[in-house]
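The values are calculated or read from the model by the stated rules, or taken from the named source; none is laboratory data. Nothing here was measured: the structure is a model prediction, and the numbers come from that model. Here the Cβ is made from the backbone with ideal geometry for all residues, glycine too, and neighbour counts use every protein chain on show.
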Amino acid sequence: MAVVTDPRIRRVVEGAEHLPLPDAIRMLTSGTMVYQDDPAHLRLRKLVSRPFTPRAIARLGDRVQTVTRVVLDGFKAGQRIDLQRDYALPIPTTVISEMVGIPAEDRSAFYDYIDSLFELMLAGGTEGAAQRMDEFVDCLRTLVQQRRGDPGQDIITAMIEASEDGDRLSDDEIVAMVFLLITGDYQTTPNVITNGIAALLSHREQLSLLQRRPELIGSAVEEVLRYTGTVGSTEATTFAAEDIVVHGVTIPRGAMVVPLLTSANRDPAEFDDPDRFDITRKPNNHLAFSRGSHFCLGSHLARMETRIAIAGLITRFPGLTLAIAPEELRLEPIPLLNRYAELPVMLG
């Protein structure tokens with residue numbers, strides 16, 4: 001907590017503008033609030049936050065329910081599915097694509113870009129990743145330009161029209177924010193849903209409790225966020241702007257700082273019996289969405305999607321089981337992201 005909220009921990013390092021970064025990556029990092037400190041961060045947040053307020057997200061509830069029901073209708077009892085690919089992924093990606101305004105016929109290509117981009121980055125293929133990034137940014141820029149000429153009921157249009165004391169977002173800033181929304185959602189919410197189901201299936205007494213008391217779904221999702229640690233750290237690298245002493249340890253000026261949110265969420269000073277998965281846990285002041293001025297803008301949407309997805313699945317298929325032994329589950333080797341390569345389940 002001390003590190004996450006300390007104003008001396010910055011996201012912009014001195015001299016960063018001179019780093020040899022590809023143009024697309026430089027534009028994306030300079031145009032999103034994730035990689036900015038205040039006041040630049042606050043400016044961007046004010047201009048893009050309206051579609052993500054609790055009231056705005058609540059209006060999407062019926063649509064998320066419908067998307068979830070459509071996905072569930074494609075399954076039948078006794079079927080084996082990969083829950084990550086077949087269930088957890090389609091729900092949030094459909095919702096965010098509709099929110100952003102990506103045409104249905106283009107969505108597959110958009111997510112192919114993201115898949116190949118992350119595969120190249122994980123494999124160390126920086127040149128190939130930079131090329132895919134350029135292509136993806138070009139697609140997003142075209143979409144923004146189309147919305148300028150043909151406004152819609154979507155986030156891109158809202159960003160184009162957003163104004164704060166006469167200030168407006170540039171096309172590059174809108175492209176960067178859309179990239180952040182799409183990739184951030186793609187790499188987080190599906191994993192929260194998957195990790196939540198995995199945790200419940202690995203703790204059958206908690207699953208039974210939730211099925212008996214469905215009103216606990218909100219508390220259950222908060223415990224999933226704390227216990228499973230989908231995102232291990234803050235989404236941007238941070239640096240010490242000056243020498244900082246934290247619990248007797250000096251962090252020298254300029255040092256890279258990586259706050260481990262998963263570790264904080266198992267802190268015995270904050271949580272009783274922190275390694276126990278307990279869907280009735282109160283209080284549950286976890287840091288899954290970080291804290292302070294960089295608190296995740298999409299937290300209300302992620303929570304709602306996860307509540308609806310988990311509740312929908314265990315209600316439609318109350319006999320749901322893992323198709324493999326719990327000890328056979330494998331996380332992908334992705335730094336600071338806890339994601340299962342697959343989650344085979346039997347629907348029942």
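At a glance:
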| read-out | value |
| --- | --- |
| Of the criteria (1) surrounded by fewer than 13 Cβ atoms within 10 Å (Cβ to Cβ); (2) assigned to a helix (DSSP H, G or I); (3) modelled with pLDDT of 95 or more, which one A77 fails | (2) |
| Meets criteria (modelled with pLDDT of 90 or more and either surrounded by fewer than 20 Cβ atoms within 10 Å (Cβ to Cβ) or under 24 Å from V67 (Cβ atoms) (or both)) for E305 | yes |
| Which listed residue is of a type in the set (A, V, I, L, M), surrounded by fewer than 18 Cβ atoms within 10 Å (Cβ to Cβ) and out of contact with any Phe, Trp or Tyr (no Cβ under 7 Å at 6 or more places or on another chain), from I334, I244 | I334 |
| Residue list for the stretch 97-109, restricted to those being surrounded by fewer than 21 Cβ atoms within 10 Å (Cβ to Cβ) and of a type in the set (A, V, I, L, M, F, W, C) | A104, A109 |
| Selection within the stretch 220-244 - of a type in the set (A, V, I, L, M) and modelled with pLDDT of 90 or more | A220, V221, V224, L225, I244 |
| Flag if I57 is among the hydrophobic types (A, V, I, L, M, F, W, C), under 20 Å from the mean Cα position of the chain (by Cα) and either over 26 Å from T230 (Cα atoms) or modelled with pLDDT under 95 (or both) | no |
| Total residues in the stretch 308-339, condition modelled with pLDDT of 90 or more and either under 17 Å from the mean Cα position of the chain (by Cα) or basic (K, R) (or both) | 4 |
| Members of the stretch 292-345 found to be within 28 Å of R212 (Cα to Cα), touching a Gly at 6+ places or on another chain (Cβ under 7 Å) and part of a strand (DSSP E or B), listed by number | T321 |
| In the stretch 247-256, residue surrounded by the most Cβ atoms within 10 Å (Cβ to Cβ) [restricted to those that are of a type in the set (A, V, I, L, M, F, W, C) and at pLDDT 85 or above] | I251 |
| Flag for R276 being at pLDDT 90 or above, surrounded by 13 or more Cβ atoms within 10 Å (Cβ to Cβ) and assigned to a loop (DSSP other than H, G, I, E, B) | no |
| Residue among D106, D138, D112 that is part of a helix (DSSP H, G or I), modelled with pLDDT under 95, within 29 Å of G61 (Cβ to Cβ) and over 17 Å from the mean Cα position of the chain (by Cα) | D106 |
| Per-region count, the stretch 161-180, residues surrounded by fewer than 23 Cβ atoms within 10 Å (Cβ to Cβ) and either of a type outside the set (A, V, I, L, M, F, W, C) or in a helix (DSSP H, G or I) (or both) | 13 |
